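Chemist: Would you mind keeping the following structure in view while I ask a few things?
Bear in mind these aren't lab numbers, they're just calculated from the coordinates by the rules spelled out. All values reported here derive from a predicted model rather than from experimental measurement. Backbone-built Cβ (ideal geometry, glycine too); neighbour counts: all protein chains shown.
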Amino acid sequence: MTNIVVVGNGMAGFKFCEKLLARTEGIATDGGRFSLTVFGEEPRPAYDRVHLSAYFSGTPADELTLAPAGWYADHGIRLFTGECVVQIDRDARTVTTHSGRCVPYDVLVMATGSAPFVPSVPGIHKDGIFVYRTIEDLEAITNWGRQATRAAVIGGGLLGLEAAKAALDMGLETHVVEFAPRLMPRQLDSAGAGILKAKMEAIGVSIHLSKNTTHFEGYDRVAGLRFADDTVLDADMVIISAGIKPRDELARKIGLAIGPRGGIVVNDAMQTSDPAIYAVGECALHGGMIYGLVAPAYEMADVVASAIAKHADLESERAAGPTKLFTGFDMSTKLKLIGVDVASFGDPFCETTKHRSLVWEDRLNGIYKRVNISEDGKYLLGGILVGEAEAYNMLLQTCKNRILLPPTPEDLLLPARKGEGTAAGAGVMSLPDEALICSCEGISKGDICSSITEKELGDVAAIKKCTKAGTGCGGCVPMLGDLLTETLKAQGKIVRKVLCEHFDHTRQELYDLVRINEEETFDEVLAHYGKGHGCEVCKPAVASILASVHNDLIARHSVIQDTNDRYLANIQRGGTYSVVPRVAGGEITPDRLIALGQVAQKYNLYCKITGGQRIDLFGARVDQLPMIWEELIEAGFESGHAYGKALRTVKSCVGSTWCRFGVQDSVGFAIEIENRYKGLRAPHKLKSAVSGCVRECAEAQSKDFGIIATEKGWNLYVCGNGGAKPQHAQLLASDIDRETCIRYIDRFLMFYIKTAEPLARTATWLNKLEGGMGYLRSVVIDDVLGLNEQFEQEMQRLVDAYQCEWKSVVESDDLRSEYRHFINTSDPDPTLAFVEERGQKRPAGW
Amino acid sequence: MVSQNISIENTRQWYRTAPVTAFPADGGGCVKIGERQIAVFHFKATGEWYACQNMCPHKAQMILARGLIGDCQGEPKVACPFHKKTFSLKTGQNLNGEEYAIETYPVRVEDGFVYIAL
Ligand code: SRM
Ligand SMILES: Cc1cc2nc3c(=O)[nH]c(=O)nc-3n(C[C@H](O)[C@H](O)[C@H](O)COP(=O)(O)OP(=O)(O)OC[C@H]3O[C@@H](n4cnc5c(N)ncnc54)[C@H](O)[C@@H]3O)c2cc1C
Ligand code: SF4
Ligand code: FES
């Protein structure tokens, strides 16, 4: 029997286990030919460090787990977490852990990863200084961050910027301190880094370059950083992200060859200077390089799995082939999560290669793109993308596969032409079958396409599950979607985005069916077109369709609505709700303001002015909602639909009523529009704004439909979006009068409502609409579908059917009785807990 | 001495909660039994009733009764309103492949009342 022992249960250590099992398929279980023992010093099984920052946005630690403890047991792997290996006896071939456990090995795999490099600056041990590597580090940062106000991140590289974004998201004033004269010096040139700096500053991160920290200020807690130029930056929290240091201490102790600047020296088979010991991941030094990325670590793990399986004669037939070698790895990266797209691929600088560089720079929109092309103009060598990196995957593939460039390589740089039918999707089909799509898992285009065909995979989730592509850094997921669509299309299959397992229909089909056959309830729709009981996906989607077709009272369909729509309020942490009355156009009288304040005071609600020019009252218990609404309605308010996939707000600027530049009455028009479309249900929420002149103080160009006053009338923009993926609205018509503007909006909205997929905002919908803006214009203005009259009539019916949802509940004893926490007692939920903050209440932490 | 087949009746106690009519059809309601909060669900089409803990184990929120119900390949389930984690109402198992699960309890309807065994 061959005893295999792995030291370190991180990403590389885990992947080694997985790859070894794959290569020894069938043998592992057939009677004790080998044993696999894994020691991990961290308290939990290996987790996805690459997506560590997701922990800050609420992903719980256990969701990051690569495989639960049960997985190891199921595969006969002995996993010891919370056990640090402290000694290795190379003669006796045993490893010993800190708790004294001693295990023999025939082959040993070191997968000890790396530790953050912490510079030995005086004061480094003060409280409030953290590193960013493990879940425990993040827990400590979160705890400290609650009472901190100003964070400084030392290091302006990939990880430092990620840490900075996390600090920003925690609500801290955030600073990044970099020793080099530019950000991400290893990936970006100075022009690209300059644009990145401007973008980071625009999202609120201050950047300090060429700064050498010489001292941490403060008594026992950190209070600031002093630099070599004797300037000081105040900070009550510091995150060090100044690079990594391979964890080679154990290897050093037992006399393995170590590189001059650390790292366990390995050959192409990932063997250390002791042939019975391998090293993988960030602790391994290959060809003078430490690879600080997950994809090469996974590749190394597979190389070792291949070598061990072969030598111990464990290889299954399926895996048979020559022993794999590691011959270096591409360091292309795409930065995630920081709110600015940044990528570099191939050779970004080409300092030593003859080449031509093409550069596109758009300072206004913060976009910088550079591609390096071979002198003969035939091949792509590498490049840098800042501000817009949608082309990253295609460029990387073009570069890696040495695909011949088109005669006009400048096309590679032009801004993505959204919706105009540039077939980004079709582009993937031009790649050769060997093109590596998922470099983390080493999966080629051919593998993916044949799985789609042979295993009849129908969605990206199935591809991920079956091939593992897209389960590493996730960067290739959009390409998986494109490959799926194109492969199915090539087979002549129509790609239909059906709702879920209960309905074999797209949203558009179901919408048309419901409109024609006039079903009025979910049960009818399910009985006619679906199967099973439905689920959390199709119930709200059908609810939205029913509402868009009939504008019936949604409270009558309460059990098929998401909780926000079910209780006509937004649910919060802790299970209370918020109340947002409509304040059309943002215009409000003093009397109404007072009334709002009085209601808030009476029910002890937290108050905040929203980003949508109205007032949100938070922390209402479910049983209090009808009483609160009743009082608000009395004061002249109605529901603001802040909970619905419906019209939210129409923001306005003061316009010609007060403003010295205003050319039209933007407030009046905003109020008219808001009152017209209030309560309108759509596939996703709808937002609008009206500005009184080109200065655009109402931000109309970031809305689903926005209107800007001109000297002659109004310009109408559509399909803009703030949120996670901002997109500017595009001009649909200019200098039109109010009536025309409303007619166009009617048509535009009905067309969207009828054809969009569930939860697609107008911007996303337009991006997928074949023919893009040109087509939309021809529908709305030139009536190519001949449906405009119908659209306008349907909209008018919906407008006429409007009723305030809160009022309907307040006035119906039946509906009112649903607003309680318990069925069998009128007690409120006894577990609700609040804490005080800045003079108001807020829910206690999760 | 513990016998081999422990029947529910032997180890659990049945509690009378509220009349059938107090519970929404194809939705959930929460009942208080002593200090415990139990979510109860009624699938009208098949006449099935299910009960489980009201607390969602994901973020310890007392909320599951307000979740949407439905089925996954025939398995009855509830989706938490907060982050849409789904749980089998038969076994309590997490259907998202995560480790945490919920407790489920037997339900019985008698003389128009819903009884739950804890
Ligand atoms: C209250 C408010 C923040 C504030 O304090 O200012 C807010 C709060 C929420 N936003 Fe927002 N958004 C608010 C303005 C915005 C804005 C700014 C704006 O409208 O001018 C945006 C960007 C503009 C946009 O939507 O295009 C915005 C983009 C989002 C998004 C991302 C949408 C996207 O398409 O990417 C979500 C998530 C979603 O809807 O799926 C979201 C979702 C939410 C939800 C509803 C989350 C939820 O489902 O519970 C939050 C409810 C909080 C609560 O408990 O009441 N909120 N949210 C703002 C309410 C405005 C209002 O009066 O109705
Ligand atoms: C915040 C963050 C973001 C990142 N983002 C990206 C990204 O976008 N793209 C990318 O490619 N890479 C990224 N990385 C890098 C990536 O996570 C690493 O390359 C990868 O985790 C390396 O795997 P590893 O197994 O070598 O090391 P690790 O995952 O660190 O695992 C090593 C494990 O060994 C344990 N160990 C060490 N010594 C012992 C011992 N003596 N006994 C027992 N156990 C021991 C350690 O505790 C650790 O659990 C990121 C890293 C961080 C921290
Ligand atoms: S957009 Fe024009 S009218 Fe409105 S506030 Fe600005 S300057 Fe005044
Ligand atoms: S609290 Fe239930 S899913 Fe998050």
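Chemist: Which of rounded, prolate, oblate describes region A:647-800, given a ≥ b ≥ c as roots of the alpha-carbon gyration tensor eigenvalues and a/c under 1.5 marking rounded, otherwise prolate only if a/b is larger than b/c?
Modeler: Judged from the Cα gyration tensor, region A:647-800 comes out prolate (a/c at least 1.5, a/b above b/c).
Chemist: Hey, for a label at B:ASN96 modelled as a point 7 Å past Cα toward Cβ, could you say which residues of region B:63-89 have their backbone N under 13 Å away?
Modeler: Inside the label zone: B:78-88.
Chemist: Okay, moving on. Which FRET efficiency, nearest 0.05, do B:PHE113 and A:ASP814 yield, Cβ-Cβ r, R0 25 Å?
Modeler: 0.75
Chemist: A further question on this structure: Expressed as an acute angle from 0 to 90° and rounded to the nearest 10, what is the orientation of the C-alpha long axis of helix A:445-454 relative to the principal long axis of chain A?
Modeler: Long axis of A:445-454 versus the principal axis of chain A: about 60 degrees.
Chemist: Which loop trypsin sites (Lys or Arg not before Pro) in region A:291-387, with loop taken from DSSP, have no more than 16 other Cβ atoms within 10 angstrom of their Cβ?
Modeler: A:LYS354, A:ARG363, A:LYS378
Chemist: Under 13 Å from the 7 Å Cα→Cβ point of A:SER316, by amide nitrogen: which residues of region A:1-43?
Modeler: A:18-30, by backbone N distance to the label point.
Chemist: Give, as a single signed number, the net charge of other residues whose beta carbon lies under 10 Å from the beta carbon of A:ASP523, with Lys and Arg counted +1 and Asp and Glu -1.
Modeler: -3
Chemist: Further question on the same structure: Within region A:687-773, report the trypsin sites (Lys or Arg not before Pro) that DSSP leaves as loop and that have at most 16 other Cβ atoms within 10 Å.
Modeler: A:ARG695, A:LYS712
Chemist: Round to the nearest 0.05 the FRET efficiency obtained for A:THR94 and A:LYS465 when R0 = 45 Å and r is the Cβ-Cβ distance.
Modeler: The pair A:THR94/A:LYS465 has a calculated efficiency of 0.70.
Chemist: For peptide B:25-36, what's the mean number of Cβ atoms from other chains within 10 Å of each residue's Cβ?
Modeler: Per-residue shielding by partner chains comes out at 4.
Chemist: Now for a different question. What residues qualify as long-range amide H neighbours of A:ALA642, i.e. H under 5 Å apart, gap of 5 or more or another chain, H built at 1.01 Å from N?
Modeler: Amide H neighbours of A:ALA642, under 5 Å, 5+ apart: A:VAL580.
Chemist: Taking the alpha-carbon centroid of each part, what is the distance from region A:154-206 to region A:248-304 in angstrom?
Modeler: The two parts, judged by their Cα centres, are 30 Å apart.
Chemist: Quick check: the distance between the Cα centres of region A:682-733 and region A:18-68, to the nearest angstrom?
Modeler: What the calculation gives is 48 Å, centre to centre.
Chemist: For the residue pair A:ASP591 and A:LEU785, what label-to-label distance in nm results when each label sits 7 Å from Cα along the Cα-to-beta-carbon direction?
Modeler: 4.4 nm
Chemist: To continue, here is another question. Can you give me the angle between helix A:507-517 and the longest principal axis of chain A, using Cα atoms only, in degrees from 0 to 90, rounded to the nearest 10?
Modeler: Once rounded, the angle reads 30 degrees.
Chemist: Search the structure for amide H atoms under 5 Å from the amide H of A:ILE437, placed 1.01 Å from N in the peptide plane, and list their residues when 5 or more places away or on another chain.
Modeler: Placed amide hydrogens put A:ILE443, A:SER444, A:LYS445 under 5 Å from A:ILE437.
Chemist: Amide H of B:ARG12: which non-local residues (sequence gap of 5 or more, or other chain) have their own amide H closer than 5 Å, using H built in the peptide plane?
Modeler: Distant-sequence amide H within range of B:ARG12: zero hits.
Chemist: Here's something else I'd like to know. What are the ³J(HN,Hα) couplings of region A:82-91, residue after residue, when phi is run through the Karplus curve with 6.51, -1.76, 1.60 and θ = phi - 60°? Round to Hz, x for glycine and proline.
Modeler: Along region A:82-91, the couplings run x, 10, 9, 7, 10, 8, 10, 9, 6, 7 Hz.
Chemist: Tell me which trypsin sites (Lys or Arg not before Pro) from region B:1-107 have a DSSP coil assignment and no more than 15 other beta carbons within 10 Å of their own.
Modeler: Here the sparse-neighbourhood loop sites are B:ARG12, B:LYS44, B:LYS84, B:LYS90.
Chemist: With θ set to phi - 60° and the Karplus curve 6.51 cos²θ - 1.76 cosθ + 1.60, what are the ³J(HN,Hα) couplings of region A:754-764 in order, to the nearest whole Hz, using x for Gly and Pro?
Modeler: Values per residue, Gly and Pro as x: 6, 10, 7, 6, x, 6, 9, 5, 4, 5, 5 Hz.
Chemist: Moving to a separate point now. Using a Förster radius of 30 Å, what is the FRET efficiency between A:ASP234 and A:ARG842 based on their Cβ-Cβ separation? Nearest 0.05, please.
Modeler: That pair, A:ASP234 with A:ARG842, gives E of 0.65.
Chemist: Starting from the 7 Å offset along Cα-to-Cβ, what nm value, one decimal, do you get for the label separation of B:ARG36 and A:GLU390?
Modeler: 5.4 nm
Chemist: Across region A:595-606, in residue order, what do the Karplus-derived ³J(HN,Hα) couplings come to in whole Hz, using 6.51 cos²θ - 1.76 cosθ + 1.60 with θ = phi - 60° and x for Gly and Pro?
Modeler: With coefficients 6.51, -1.76 and 1.60, one gets 4, 4, x, 5, 5, 4, 5, 4, 9, 6, 9, 6 Hz.
Chemist: Average partner chain C-beta neighbours within 10 Å, per residue of A:565-575?
Modeler: Neighbouring Cβ atoms belonging to other protein chains average 3 per residue here.
Chemist: While we're looking at this one, here's another question. Within chain B, which is the longest segment that contains none of the GluC sites (Glu not before Pro) sitting in a DSSP loop with at most 14 other Cβ atoms within 10 Å?
Modeler: B:36-98
Chemist: Calculate the spin-label point distance for A:LEU358 paired with A:ARG78, positioning each point 7 Å from the Cα along the beta-carbon direction, and give it in nanometres.
Modeler: Going from the A:ARG78 label point to the A:LEU358 one covers 6.0 nm.
Chemist: Here's something else I'd like to know. Taking beta carbons within 10 Å but only from partner chains, what does the mean come to for residues A:823-831?
Modeler: Across A:823-831, the average partner-chain Cβ count within 10 Å equals 6.
Chemist: Please give me the summed charge of the neighbours of A:GLY668: other residues whose Cβ is under 12 Å from its Cβ, Lys and Arg +1, Asp and Glu -1.
Modeler: Net charge around A:GLY668: -3.
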